[in-house]
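K.L.:
The following block contains the structure, expressed as structure tokens.
The values are calculated or read from the model by the stated rules, or taken from the named source; none is laboratory data. Since the model is a prediction, treat every value here as computed from it, not as a measurement. The area values use the complete protein model at the heavy-atom level, side chains included, leaving out ligands, DNA and RNA. Shrake-Rupley method; radii C 1.70, N 1.55, O 1.52, S 1.80 Å.
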Amino acid sequence: MAAPATRRPGLLLLLAALLLAAPAAATLHPVDYLALQAVRRALSDLPGSSFFSSWDFTGDPCTFAGVSCSGDGRVVTLALGDPRAGAPGLAGAFPSASLARLAALSSLSLVPGRVSGALSPAVAALPSLRFLALSGNLISGDLPSAFSPALRTVDLSKNSFSGRIPASLLQTRSLRTLVLSHNALSGEIPRTVTSPLVHLDLRNNRLSGGVPTLPDTVVYLSLAGNRLSGRVGGVLRRLTRLSFLDLGGNWFSGELPGELFSFRIGYLQLRKNAFSGELRPAARVPAGATVDLSHNALTGRVPPELATAAAVYLNGNRFAGEVPAEIAAAAEGGRMRVLFLQDNFLTGIAVRGVPSSAAVCAHWNCVSPPPAVVAACPAKGGRGRRRPPAQCGGRRG
């Protein structure tokens with residue numbers, strides 16, 4: 001009689017363990033499920049948008065457009081609206097109470113649309129939130145008093161926020177990008193900025209007062225279109241990594257630090273302020289840069305260090321003397337596509353032929369601009385008139 005087959009209980013146990021360990025689709029946490037349902041009730045597609053067409057709650061919400069979940073069934077990313085350029089956004093009331101229940105949320109974004117309401121501290125301070133972008137909607141009220149310490153990017157631009165910038169926001173330990181432009185924020189910029197900011201955009205608000213000391217990590221700085229004032233030379237000297245600077249349309253005063261022109265700034269916009277004194281660049285500006293110092297009270301001679309720029313706007317100042325030969329040659333050779341010198345006190349503008357692609361203007365100085373310059377000046381740049389001799393004193397021209 002044959003012996004019975006030997007059983008292998010160890011092998012069976014191993015197979016059972018492997019089956020139990022096999023990955024399975026996690027079920028969405030019931031709190032997050034209810035929160036997403038509330039979000040859907042609060043918001044709707046604008047005409048032409050079909051973002052919510054995939055939000056069918058008979059299926060798995062983790063497969064919905066704009067929703068990403070973690071392995072344990074929590075919503076970690078919520079991108080509301082069609083992100084394609086020009087796509088219609090969403091409408092409705094911003095669902096703060098529902099969003100605040102998404103405890104594991106790390107990224108929240110909303111495409112431009114017509115979503116109104118307020119941003120509650122409970123949403124802004126979600127403990128895992130790293131990315132918050134709600135630009136281009138109708139969200140209003142004060143900014144929250146508390147923000148998540150994990151935040152790296154905050155973009156609340158082009159809304160209707162008012163009140164002051166909370167001091168805690170600029171002390172968020174991981175914050176790299178802060179965009180609050182095109183709102184109705186007022187008061188002073190908080191005096192203590194400890195966030196390691198790289199990109200700071202506060203333009204087109206109603207901010208007043210001076211500019212605090214900023215971290216030397218800043219690469220992009222825009223404070224244009226506010227009511228800021230005072231001297232900023234000390235602040236700017238520290239920002240050696242700047243590649244973009246826009247302080248236009250404020251009331252800043254004092255001299256510009258020569259070091260500023262040696263930074264790798266591709267766009268330097270300081271127009272419509274009250275900067276004064278002579279320009280003494282420490283080095284040539286980066287090749288191809290745009291330098292706009294128009295409508296200030298700058299004096300002295302036009303520095304030749306600007307000759308490497310692609311566009312130079314010095315109109316509406318008090319520059320005197322002759323235009324440097326290096327700058328004239330750059331305009332004649334087409335390397336400088338814009339040279340605006342009008343409304344100064346210049347006595348020599350030796351620019352001859354100008355390419356058709358260039359715009360060179362020099363009217364209302366103490367010498368008549370050459371015919372080539374008159375021909376190259378767009379209509380908005382003015383005509384070829386010179387100042388009356390009485391305004392030029394002893395200047396020759």
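K.L.:
Using only alpha-carbon positions, what ratio does the radius of gyration of segment 193-296 give when scaled by 2.2 N^0.38 Å?
P.N.:
Its radius of gyration relative to the 2.2 N^0.38 Å reference: 0.98.
K.L.:
State whether segment 72-210 is rounded, prolate or oblate according to the following rule on the C-alpha gyration tensor (a ≥ b ≥ c being the square roots of its eigenvalues): a/c under 1.5 gives rounded; otherwise a/b larger than b/c gives prolate, and the remaining case gives oblate.
P.N.:
Oblate, since a/c reaches 1.5 and b/c is not below a/b.
K.L.:
Note the per residue figure in Å³ for the convex hull of the C-alpha positions in segment 94-140.
P.N.:
It is 61 Å³ per residue.
K.L.:
For segment 188-254, what is the convex hull volume of the alpha-carbon atoms per residue, in Å³?
P.N.:
So the per-residue hull volume is 74 Å³.
K.L.:
If you don't mind, another one. Give me the base-10 log of I(q)/I(0) for segment 256-376 at each q in 0.18, 0.21, 0.23 Å⁻¹, Debye formula, one uniform scatterer per Cα, rounded to two decimals.
P.N.:
Those come out to -0.86, -1.20, -1.44, one per q.
K.L.:
Defining a contact as two alpha carbons under 8 Å apart and six or more residues distant in sequence, what relative contact order in percent does the chain show?
P.N.:
Result for the chain is 6 percent.
K.L.:
One quarter of the convex hull surface, Cα atoms only: what value does that give for the chain in nm²?
P.N.:
Across all orientations, the chain yields a mean hull projection of 29.9 nm².
K.L.:
What translational diffusion coefficient, in µm²/s and rounded to a whole number, does the Stokes-Einstein relation yield for segment 286-347 at 10 °C and a viscosity of 1.306 mPa s, taking the hydrodynamic radius as the Kirkwood radius over Cα pairs?
P.N.:
Using the Kirkwood radius from Cα pairs, D works out to 140 µm²/s.
K.L.:
At 222 nm, what value in deg cm²/dmol follows for the chain if DSSP H runs of at least 4 each add -39500 (n - 2.57) and the sum is divided by all its residues, to the nearest 500?
P.N.:
Result for the chain: -3500 deg cm²/dmol, rounded to the nearest 500.
K.L.:
Would you mind working out the accessible area per residue for segment 81-143, using a 1.4 Å probe, and quoting it in Å²?
P.N.:
38 Å²
K.L.:
Roughly how large, in nm² to one decimal, is the mean projection of the convex hull of the alpha-carbon atoms in segment 146-205?
P.N.:
Result: a mean projected hull area of 3.6 nm².
K.L.:
Read phi for every residue in segment 100-114 and hand back ³J(HN,Hα) as whole Hz from Karplus 6.51 cos²θ - 1.76 cosθ + 1.60, θ = phi - 60°, with x for Gly and Pro.
P.N.:
Values, residue by residue: 5, 8, 7, 5, 9, 4, 10, 9, 10, 9, 9, 5, x, x, 10 Hz.
K.L.:
Right, next: Tell me the carbon and sulfur percent of the accessible area for segment 261-307, rounded to whole percent, probe radius 1.4 Å.
P.N.:
Of the solvent-accessible surface of segment 261-307, carbon and sulfur hold 47 percent.
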